[in-house]
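So the structure is just underneath, and the comments pick up after that.
The values are calculated or read from the model by the stated rules, or taken from the named source; none is laboratory data. No experiment lies behind these values; they were computed from the predicted model shown. Ideal geometry is used to build each Cβ from the backbone, glycine not excepted, and the neighbour counts take in all protein chains shown. Calculation scope for accessible area: heavy atoms of the full protein, side chains included, ligands and nucleic acids excluded. Shrake-Rupley method; radii C 1.70, N 1.55, O 1.52, S 1.80 Å.
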Amino acid sequence: MAAPMLRWWCLGRRWVLACIDGGSRHGRGAAIGFTSSRKRGQTSVAQQPLITSQKSRKGEHEWAAVVGLEIHAQISSNSKLFSGSRVHFAAPPNSLVSFFDASLPGTLPVLNRRCVEAAVMTGLALNCRINKKSLFDRKHYFYADLPAGYQITQQRLPIAVNGSLAYSVCVGKKPSRVITKTVRIKQIQLEQDSGKSLHDELRSQTLIDLNRAGVGLLEVVLEPDMSCGEEAATAVRELQLILQALGTSRANMAEGQLRVDANVSVHHPGEPLGVRTEVKNLNSAKFLAKAIDSEIERQIHELENGREILNETRSFDYKLGCTMPMRDKEGKQDYRFMPEPNLPPLLLYDTESLPPGADPQQVINIDWIRERLPELPSETRERLIQQYGILPEHSFALLNEVGLLEFFQNVIKETRAEPKKVTSWVLNIFLGFLKQQNLAVNESPVTPSALAELLNLLDRKAISSTAAKQVFEELWRSEGKTPSQIVSEKQLELMQDQEALERACHTVMEGHPQVVMDVKRGNPRAINKLIGLVRKATLSRADPTAIKEILERKLSP
Amino acid sequence: MWALATRLGLRSWLGWRRGFTSKADPQGSGRVTAEVIEHLERLALVDFGSQEAVARLEKAIAFADRLRAVDTDGVEPMESVLEDRCLYLRSDSVVEGNCAEELLQNAHQVVEEYFVAPPGNISLPKQDEQEPFSDN
C-alpha cells in the first residue's frame, strides 16, 4: 500500500486497476456496468477516472467527480498565534489559556513571528506568490468553543496565493508508471484555532477546553482539481510530508494537527459543475479517500434517482461508512467579515526592499527564508534515484515511513552491498517484519549496523540468501547477537570447500543415473532436481549457483 | 466599539445586499425591511426591540450614505486607521497561561476544570413567536 494506485471506482464496490494511457482501458472483475465502459474510449477530460453507473443498461451515464480541499495544519510553534500561552497537545484542561485566548475584555492580539515565518516557508515550498502586504479579518459566528464570537483569519488578502502541489500516482501493473499530477493552491492563510468541545450527551451539556483556542493554523485551500478520493488522499499525504520536512507543522492527523474538509460535486463531463457539498470531520488518513468516495457515490445515486443535491455540510460517520448531514445551520452562514481593527497590515520584505537599519527582530525577509528552505520530499526522492539508482516507487516507499530513510542511509553507509540489494531488503523484509508487529522504525530490534553486517556476509557469499533470511529472523527475535555470531551458532556458512562440493556432486550423479540421462537428453528441468539433491546432501550449505556450475561442467560431454 | 463594529459590519453587509437591489432603486429608499432586521438580529444577537430603533438605524444608514457623494475612483480604500503603524512581531516564547483557576472563576458552571456550555447553539425563536414591538 506504499504506492498509491489510481483506480476505477464502480458502484458495485469492485475495485479495478485501470491503465490510463493511449485509449485502451482494461479491467478485471468486470461488474455489470463495466463492459460498456470498456467500449467507450478515452474521454476528452484528461486523466479523470470516470465512474460508470450500474444503470448503464438503460443508457450510459458517465459521471466525473470534482474534489476541492481545505486543509488546516496546526503550526509547530512554542506559543500561540496572537498570545504567549503554550502550544501543547495534552495538558490539563484550560491550563494553557491566556486572558486573550479566553477573550477577556481589554486584551489585544500580538502576532507571533514564528507563525509568519512558517507561513512564508510553506508558501515558498508550494510555489506560491507571497503577498508582501496581507491583512487580518474577523470571521463572526457563535459557538461555545469560540469565546470571542469571531475568529481572526485572513480572508481578503492572505499571506500566500496561487501555488501548486505536485503529487505522484502509480498507474497500471508492472511495469507501473508514475504520473505526476498537480493541484493548484488557491491560497494559504494564517488563522486562529478554536477550543475543543466535548459533548456530554448524558447530561445534555458541552464541556469546553480552551487549550487549543488561539493556536496558529495554516489554512491551505486546494482548487477542485482532484477527481476522486485516492487523488485527494495522495495530495494530502504529499502536503503532510512537505510540512514535516519544513518543520512548519507536525501534521499528525491522529493528534488533530492536520484537518481536512472536502468540497465534493459530480457532473457529466462537458456539462457545468454540479452542486457541491462540504464534507467535514475527515480526521484520519485512512478514511479520507473512503469518505470522499462514499460522498461521490451518494451524490450519483441521488441524481440518478431524480433527486437534487443540497448545498449542505455533511459529516463522515466512520461506523456507518457514509456521510450524514450535520446539525442544520440556519440557511447559509453569513460570517460578516470585517477587517480586524487591532492589527495593522502585515508587511513582508525581500532583500531589495528591506528598510536599512531596521530591527531584524521586527522584519521578515522572504529571500532570507527562501535561501534556508530545507530539502523538500520531491527533491529527496529525485536525489535518491540519482544517487542510488533505485526505482521511483522505491523512492516513494522510503519516504513514506517515518525514520525509514534514515535507517536506509545508515545501512548503506556501513555496507558494501549494492544499493538495489539494500533497498530490497529494507523495503521487503525489514518493513515486512515491522508491519507484521506494528512497530515504528525506531522500535526495530534490528539496528542498521546489524543489517549492514548481514548484507556484507551475503555480499561476500559467506552465506546463501535463504540462510540470510534465517539470520534476520534470529536477529529480530534475540537482541544483542551479531549476524556473524548467529551464522556460526547455527552453522549456516556456505561451503567454501570446492573439492568437497565437487565430490558431493559426483556422488549424487552416481546415485541418480536416470536423472543424469534426462539432463543429457535435453530435459531442462532435470538439472534442478540434481541441484536439489546436492543441496540436501550438503544440508543446504552450498550455493545453488556454484552447484549448478559444477554439474553443468560435469555433464557436458 | 461594539456599536462601531456593528455599523461597520452592517455597512459592508448592506452594501452587498444593495448591490443586488440597487439596479431597481439607485438611490435606495432607506427603508430597512422586517426581513433584514430579523436576519440581523440572528446574526449579531442584537435586539432591535422597537420600531424607533429601526428608524434610528435607517437614519444612520442615510447619514453614512452621504459618503457616496465623494468620488473615490482610483483611490485605494483604507482598511485600517493603523495602516501606517508597524505590526509588532512577538518572539515565539511562552510567557502566559497556567491560570485555569482564575479563568474558571468567571464561569457560571464548571465541571472538573472545563467550562460548561449548552449542547450546541440555542436557536432564537421565530419572529412570530417573539414579543411584538412596543411603540416606544
Given the C-alpha centroids of the stretch A:336-355 and the stretch A:506-557, what is the distance between them in whole angstrom? 81
Mind checking the mean number of beta-carbon atoms from other chains within 10 Å of the Cβ atoms in A:390-399? 0
About the Cα centre, and with charges only on the beta carbon of Lys, Arg (+1) and Asp, Glu (-1), how big is the dipole of the stretch A:234-366? Nearest 20 debye, please. 480
Calculate the tail of P(r) for chain A: the fraction of all Cα-Cα distances greater than 36 Å, expressed in %. 51
Multiplying the sequence separation of A:His267 and A:Leu320 by 0.36 nm and subtracting their Cα-Cα distance, what value in nm do you get? 16.5 nm
So, with +1 on the Cβ of K and R and -1 on the Cβ of D and E, and no other charges, what is the size of the charge dipole of the stretch A:252-301 about its Cα centre, to the nearest 20 debye? 120
Taking all protein chains in place and a 1.4 Å probe, what share, in percent, of the accessible surface of chain A do carbon and sulfur account for? 51
Residues hit by the 30 Å² burial cutoff in the stretch A:189-222, accessible area with a 1.4 Å probe, assembly against chain on its own, are A:Ser204, A:Gln205, A:Thr206, A:Leu207, A:Ile208
So the FRET efficiency between A:Asn428 and A:Thr182, C-beta based with R0 = 35 Å and rounded to 0.05, is 0.65
Label model pair A:Phe142, A:Asn438: point-to-point distance (7 angstrom along the Cα→beta-carbon line) in nm is 4.5
Once the Cβ-Cβ distance between A:Lys520 and A:Gln485 is put in as r, and R0 is 35 Å, what FRET efficiency do you end up with, to the nearest 0.05? 0.20
Among A:280-290, A:238-248, how do they line up from the highest to the lowest mean number of other beta-carbon atoms within 10 Å? A:238-248, A:280-290
Note: A:Glu302 to A:Glu201 extended length (0.36 nm per residue) minus current alpha-carbon separation gives 33.2 nm
Please report the relative contact order for chain A, taking Cα pairs under 8 Å with a sequence separation of at least 6, and give it as a percent rounded to a whole number. 12
Relative to the longest principal Cα axis of chain A, at what angle does helix A:113-125 sit, 0 to 90 degrees, rounded to 10? 50
Can you tell me the accessible area per residue over the stretch A:59-117, all protein chains present, probe 1.4 angstrom, in square angstrom? 32
On average, how much accessible surface per residue is there in the stretch A:274-334, in Å², for a 1.4 Å probe, leaving out ligands, DNA and RNA? 59
Report the FRET efficiency, 1/(1 + (r/R0)^6), for B:Lys59 and A:Glu406, where r is their Cβ-Cβ distance and R0 is 41 Å, rounded to 0.05. 0.05
Please compute how much accessible surface disappears when A pairs with B, both sides summed, using a 1.4 Å probe, and round it to the nearest 100 Å². 4300
Could you pull the Rg and Dmax for the stretch A:64-208, using just the Cα atoms, both in Å? 19.3, 65
Pseudo-spin-label distance B:Asp71 to A:Ser465, built 7 Å along Cα→Cβ, given in nm, is 8.4
Per residue solvent-accessible surface (Å²) - the stretch A:350-392, probe of 1.4 Å: 63
Are there any chymotrypsin sites (Phe, Trp or Tyr not before Pro) in the stretch A:84-185 that are in a DSSP loop and have at most 13 other Cβ atoms within 10 Å? List them by number. A:Phe89, A:Phe142
